[in-house]
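> For reference, the structure I am asking about is given below.
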Amino acid sequence: MRSTSAATALAVMFSSVALGVAAAGTASAASAVVTSPGGLVVDDALRRVFVSDQADGQILATDYNGTLVAQATGLDNAGDLAVSDDGATLYAALPTSHEIVALNAADLQVKARYPVATGTGPRHVAFAGGKVWFSYGDQWDGDLGSVDPAVDPTTGADPVALTQLPTEGTGSGLWGQALLDTDPLRPGLLAV
C-alpha cells in the first residue's frame, strides 16, 4: 500500500530542489519551489508524492505525473512525513510548535493536531502498528514517542506517549533524534 522508493521520490525532485508541477485544471505549467525539503513520502494508495518545505512551512502533494493536487500551508518548519497504512492520513512532524499534525492525504486538510510535551522535537516520524512513532530529544538524550490516533482525547485519555529509551539507568540511550523507518512488507515493525 505504501512505498518510499528512493527512485520514485527522486524522480519528483530535481537537483535544484525546485519541484515543477502543472497546475491542476490548466494547460500551462506552474512552479512550486521547495526551498528546504524536510520530508518526502510516497503514497501508493492515492498515487501521490508528498514533500514538506521547512522554510516555507508547507506540504505539497503531486500525482505521479508531477501535477500539483494539493497544498497545505501554515505548518511552520514542516519536517519529516509518514503515511498511515491505509494511505488515508499523512502525518508531519512540526518541531517548532512541538506537535504531530494529521492531514487528510486526499486534500491535505488538517484532521488533528497532537501536542508533544517536549522542547526538542518531534523530528522524525514513521507509521507502524497503528501508531505514529516519532523521535525527539537533544543530541545527548534522544527518545521515542508515539501517537495513537485511535485514542479519543475528549475521553481524557492522551493519544501521545513519551518514552525514555532505554529506561533511565539501564544503559545508553539514543544519541540525538533517531531516524525511523518501516517496511510495507513487514507491517508493525519499526526500525530505529
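> Restrict the check to segment 173-183 and report whether at least one residue is touching a residue at least 40 places away in the same chain (Cβ under 8 Å), outside any loop (DSSP other than H, G, I, E, B) and either within 19 Å of G39 (Cβ to Cβ) or under 14 Å from the mean Cα position of the chain (by Cα) (or both).
Yes, segment 173-183 has at least one match.
> Read through the list (1) open to solvent by 30 Å² or more (accessible area, probe 1.4 Å); (2) part of a strand (DSSP E or B), then give the number of the only condition that A102 fails.
Going through (1) open to solvent by 30 Å² or more (accessible area, probe 1.4 Å); (2) part of a strand (DSSP E or B) one by one, A102 breaks only (1).
> Now a separate question. Considering only segment 115-166, how many residues are within 19 Å of R186 (Cβ to Cβ), in a strand (DSSP E or B) and either open to solvent by 40 Å² or more (accessible area, probe 1.4 Å) or basic (K, R) (or both)?
Adding up the residues that qualify gives 2.
> Just checking, does segment 68-78 include any residue being within 24 Å of L144 (Cα to Cα) and touching a residue at least 40 places away in the same chain (Cβ under 8 Å)?
Within segment 68-78, one or more residues are within 24 Å of L144 (Cα to Cα) and touching a residue at least 40 places away in the same chain (Cβ under 8 Å).
> If we keep just the residues of segment 49-99 that are assigned to a strand (DSSP E or B) and among the β-branched types (V, I, T), which is surrounded by the fewest Cβ atoms within 10 Å (Cβ to Cβ)?
Looking at residues that are assigned to a strand (DSSP E or B) and among the β-branched types (V, I, T), I get V69.
> Is there a residue in segment 107-114 that is hydrophobic (A, V, I, L, M, F, W, C), without any contact (Cβ under 8 Å) to a residue 24 or more places away in the chain and assigned to a loop (DSSP other than H, G, I, E, B)?
No.
The values are calculated or read from the model by the stated rules, or taken from the named source; none is laboratory data. Given the structure is predicted, the values throughout are model-derived calculations rather than measurements. Positions of Cβ are backbone-derived with ideal geometry, glycine not excepted, and every protein chain shown enters the neighbour counts. Accessible surface is based on the protein model in full, side chains and every heavy atom, while ligands, DNA and RNA are left aside. Shrake-Rupley method; radii C 1.70, N 1.55, O 1.52, S 1.80 Å.
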